Amino acid sequence: MLQRLLAIIVATGISSAVLAEEATPVTPKGEVESLMNEGIRLAKEMLGKHGEFYPYGYVMRANGEVQSVAASDGTEHPTSHQLIDLLNTAFRKGADSGEYKATAVFIDVRVTPPGGTKTDAVRVGLEHRAGYCVDVYFPYSRSADGRVQFGELFASPREGVVFRTRTAPNQPPQPTRAAQPFEEPESERSGQRG
């Protein structure tokens, strides 16, 4: 397991500081939304180029620095579940040590939105050390030429797995609808990644 934890790498060149003058307020909700906004661009880019992506994450360090994080188990085609477990394990370690104050995990899934039909979506699992935990879903469609169009966002509370919180104490990021969506990781259903 230690070897797998060592496989977690912080991507170079995709780091930014959270500045006080940014429009996002410095609240737990604002901090996780800044991670979500930073990371969703990569998801859109990967979906446009490849039609899918392996799970990845973003963290906010205690000093406000934002970094992207990728995981590897050393195999050529790991499953999404394996990578999610590796990311969450590394995130818990950083949370327990006080190094991280917020985390985000980005996963390509199939989901049934409230009142809708099954669709592709990017699920962003957001957690903050203050106890704010929510899953935000970005339903999407992809044209034949690779253009990705996001649909109406929705969110649902989630159990904390990184900071070990029990409930979402605040409202999810806007726009929201009450949701308990059914989902499955994109790569698990397609069989292309393991």
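The values are calculated or read from the model by the stated rules, or taken from the named source; none is laboratory data. Values in this document were obtained by computation on a predicted structure and should not be read as measured data. Here the Cβ positions follow ideal geometry from the backbone for every residue, glycine too, while neighbour counts run over all protein chains shown.
Counting only strands (runs of 3 or more DSSP E) that sit completely within segment 105-194, those holding 2 or more residues that are in contact with an Asp or Glu (Cβ under 7 Å, 6 or more places away or on another chain) and at pLDDT 90 or above correspond to 119-128, 133-142, 154-157.
If the requirement is being free of Cβ contacts under 8 Å to residues at least 40 places away in the same chain and of a type outside the set (Val, Ile, Thr), which of these qualifies: GLY125, GLY48, GLY74?
On inspection, the qualifying residue turns out to be GLY125.
Annotation: of all residues in segment 103-144 being closer than 12 Å to VAL161 by Cα and among the small types (Gly, Ala, Ser), the one that is surrounded by the fewest Cβ atoms within 10 Å (Cβ to Cβ) is GLY131. Reported count of residues in segment 43-77, each being crowded, with 17+ Cβ neighbours inside 10 Å and assigned to a helix (DSSP H, G or I), is 4. Summed over segment 133-164, residues that are under 14 Å from the mean Cα position of the chain (by Cα) and among the hydroxyl-bearing types (Ser, Thr, Tyr) total 2.
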